[in-house]
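The values are calculated or read from the model by the stated rules, or taken from the named source; none is laboratory data. Every value quoted in this text rests on a predicted model; they were computed, and no experiment measured them. Cβ: placed from backbone, ideal geometry, glycine included. Neighbour counts: every protein chain shown. In case anyone asks, the SASA skips ligands and DNA or RNA and just uses the protein heavy atoms, side chains included. Shrake-Rupley method; radii C 1.70, N 1.55, O 1.52, S 1.80 Å.
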Amino acid sequence: MVATLDDTKRMTLGERLADLKALQNLIIANDQKLIEACPDADIRDRLQNMLQDDQKNLGIIETVIVQYGIPAEPSAATKTFTQQSEQTMTGDEFTFYQKLLHHELMKHGQTMSGIMIHKAAQVVGADIEVAITPLNTVNFESRAHQEQLKGMLEQAGVREMTGKEAKQGLWARVQDAVAALSGIAGSVITQNSDKKDMNIQTLIRLDHNKVNTIFTEIGATKDPQKLQEYFGQLYKDLLTHAQAEEEVVYPNVRSFYGDGDTQELYDEQAEMKRMLDEIKASDPHAADEFRSKIKTLMDAVGDHIRQEESTLFAAIDKNCSSEQKEQMATEFKAAKSKIQQQMVAM
């Protein structure tokens, strides 16, 4: 029986991702409170734009958590901080400027948390680094928001102290330039505009990339324990991916992809599940036989991936609107999350 890859470092990263999501929800709530209380039209417009970015970034964080595949709850410290922050932003004892300052500090903390998760993933495992790649967009945009918030703080602070408008000096222009540059860099990594979610092909391809990375890690390790652990993660990822596709994707594409081609995808995944269970039941200490079975599995999965990324993806592009592809992605992500929770409970 093989081991799973839920070691301490990976569980800790799962908790940090849960923290990140909790903080992003808090930031969205704070955006809304600040917009309601804002006395300045220009600042209010900027905050409204940030709110739209933050809502999209929440979707990206949720995608990363599902791609990572280890559900977790936020830490006790984050839960306490969230409660305290909500009191700060709701009460009357702080001015608008002071609440805006608190919001900027929270953005800074969110940015640093995202960067640290990215750096930790580089140390813990290549498959994790692949899974969290979309998080780079959130990190870049949070950094851009920080610079914009500094300019808003100048405006709000000077007005509260003097009743007059702040002058647009060199510092403010530097902030705008850095914010614009960070925003451009972030938007290059994933979507940059009105999308509510990634499209279904992007999500499926993220899964494929992670699986291919685990196969590479399996091929590179000479540690019998790591071999078992990597297969444990591969087992969970492939089963979750397959079940979510069968619940969401294949029923949606059958009408235009064709009964025969769609059934072929179902049959390939049924064979893949059989192979996974066979490997799971085998003796991992018989290394040569174990690796041989994984190599056979890798070849089968590779053929399946090539079919999906060529003919299936092309059929989806031809027959589905952007909204339909995004909706399918949202449903696929929700299905994966539910399946992952069920696996934890087993």
Here are V138, V130: which of them is in a helix (DSSP H, G or I), farther than 13 Å from D19 by Cα, of a type in the set (V, I, T) and open to solvent by 10 Å² or more (accessible area, probe 1.4 Å)?
-> V130
In region 54-73, residues that are open to solvent by 50 Å² or more (accessible area, probe 1.4 Å), touching a residue at least 40 places away in the same chain (Cβ under 8 Å) and part of a helix (DSSP H, G or I) total 2
Say whether the condition of being modelled with pLDDT of 90 or more and acidic (D, E) is met by at least one residue in region 227-239.
-> yes
Spot the failing condition for M50; the list is (1) closer than 23 Å to A156 by Cβ; (2) surrounded by fewer than 14 Cβ atoms within 10 Å (Cβ to Cβ), and only one is missed.
-> (2)
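Residue by residue, here is whether (1) over 24 Å from the mean Cα position of the chain (by Cα); (2) open to solvent by 70 Å² or more (accessible area, probe 1.4 Å); (3) under 25 Å from A220 (Cβ atoms); (4) among the β-branched types (V, I, T) holds:
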| site | (1), (2), (3), (4) |
| --- | --- |
| E264 | yes, yes, no, no |
| E268 | yes, no, no, no |
| E271 | yes, yes, no, no |
| E278 | yes, yes, yes, no |
| A281 | yes, yes, yes, no |
| D303 | yes, yes, yes, no |
| E331 | no, yes, no, no |
Inspect region 88-108 for any residue being surrounded by 14 or more Cβ atoms within 10 Å (Cβ to Cβ), more than 30 Å from F231 (Cα to Cα) and modelled with pLDDT under 90 and give the result as yes or no.
-> yes
